[in-house]
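Enquirer: I am attaching a structure below and will ask some questions about it afterwards.
Please treat every number below as a calculation from the coordinates, not as lab data. Just so it is clear, the model here is predicted, and its values are computed rather than measured. As a convention, Cβ positions derive from the backbone with ideal geometry for all residues, glycine included, and neighbour counts pool all protein chains shown.
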Ligand SMILES: Cc1ncc(COP(=O)(O)O)c(C=O)c1O
């Protein structure tokens, strides 16, 4: 698969791309990142992703080395023809082998661009199976996008082992949080329920768009703290992420959600999201 890597402004193939083994991103997962995609060849909702990146960087005392416009230009320069999936990663940079952030003064910017492989259409028409992970989301850093992703790696492994498309992570005290790399929603009596910021979620860019669309459609939306048992009362469920848009959830831990088929709210929100893309693509 063709891919391009931009490290500190130098674009190469993945084979040629090199970073130091003393980069604290590698040694300690000391980095922040964003995953975004293009529509019409343009990075989608870049300003919103950059704002979240700034929030993540500030939380770990990392100074972003490039301005927003330089970052956008470098992403555009690295993009391949056709739609792309983009990972923008800022590492702490090279330091000594201790965890002291004072030893690495020069953060590195890494942009990884690969062709976007569209999610298979059957996940939208049939819905997906998810499991409740045994991995818990915890710590103040759960809500920021850092490169310390061992929780997600273990949750992904568990989901694969159990044959599931995604996993739902609970907080340390058993409340619903979010997916491995997605936000989750329950539709109950016509109301859209989704874990709030206080449930340790990453506040998804797609989540922001979808909640606005839901309210515009006249749906009641409740952001809050929900027990995992709420799933048993769900009429339908769905998940969202930048690369997958709105995906209906048909089954959780082998039990059907509602009818076990994509529900009307998820289907309507997917349709609304896809038609909103054409308008939102004009946003910086
Ligand atoms: C933990 C987590 N929650 C939610 C999301 C969805 O965010 P977005 O809609 O910005 O892609 C992600 C994205 O990678 C994530 O890692």
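Enquirer: Conditions first: (1) surrounded by 15 or more Cβ atoms within 10 Å (Cβ to Cβ); (2) more than 30 Å from residue 279 (Cα to Cα). Residue 12 passes all but one, so which condition is the exception?
Expert: (1)
Enquirer: Output the residues belonging to region 43-68 that are loosely packed, with under 15 Cβ neighbours inside 10 Å and under 15 Å from residue 283 (Cβ atoms).
Expert: 47, 51
Enquirer: Looking at region 27-42 only, could you name the residues that are over 13 Å from residue 278 (Cα atoms) and either in contact with a strand residue (DSSP E or B) (Cβ under 6 Å, 6 or more places away or on another chain) or assigned to a strand (DSSP E or B) (or both)? Steps first, answer last, please.
Expert: The first filter runs over region 27-42 and keeps only residues over 13 Å from residue 278 (Cα atoms), leaving 27-37.
Within region 27-42, 31, 32, 33, 34, 35, 36, 37 meet the criteria.
Enquirer: Condition check: over 15 Å from the mean Cα position of the chain (by Cα), away from the ligand (no atom under 11 Å from the Cβ), surrounded by 19 or more Cβ atoms within 10 Å (Cβ to Cβ) and more than 17 Å from residue 248 (Cα to Cα). Does residue 212 satisfy that? Reasoning before the result, please.
Expert: Numbers: over 15 Å from the mean Cα position of the chain (by Cα): yes; away from the ligand (no atom under 11 Å from the Cβ): yes; surrounded by 19 or more Cβ atoms within 10 Å (Cβ to Cβ): no; more than 17 Å from residue 248 (Cα to Cα): yes.
The answer is no for residue 212.
Enquirer: For residues that are assigned to a strand (DSSP E or B), under 30 Å from residue 41 (Cβ atoms) and touching a helix residue (DSSP H, G or I) at 6+ places or on another chain (Cβ under 9 Å), tally how many sit in region 52-105. It would help to see each step written out before you state the result.
Expert: Initially, region 52-105 is screened for residues assigned to a strand (DSSP E or B), giving 84-91, 94.
Now drop any that are not under 30 Å from residue 41 (Cβ atoms), which leaves 84-91.
Narrowing further to those that are touching a helix residue (DSSP H, G or I) at 6+ places or on another chain (Cβ under 9 Å): 84, 86, 88-91.
Final tally of qualifying residues: 6.
Enquirer: Can you tell me which residue is farthest from the ligand (Cβ to nearest atom) among those in region 161-172 that are over 12 Å from residue 134 (Cα atoms) and not in a helix (DSSP H, G or I)? Give the derivation first.
Expert: Let us first name the residues in region 161-172 that are over 12 Å from residue 134 (Cα atoms), namely 161, 163-166.
From the residues that got through so far, the ones that are not in a helix (DSSP H, G or I) too are 163-166.
Details: 163: 21, 164: 16, 165: 15, 166: 10 Å.
Checked region 161-172; the qualifying residue farthest from the ligand (Cβ to nearest atom) is 163.
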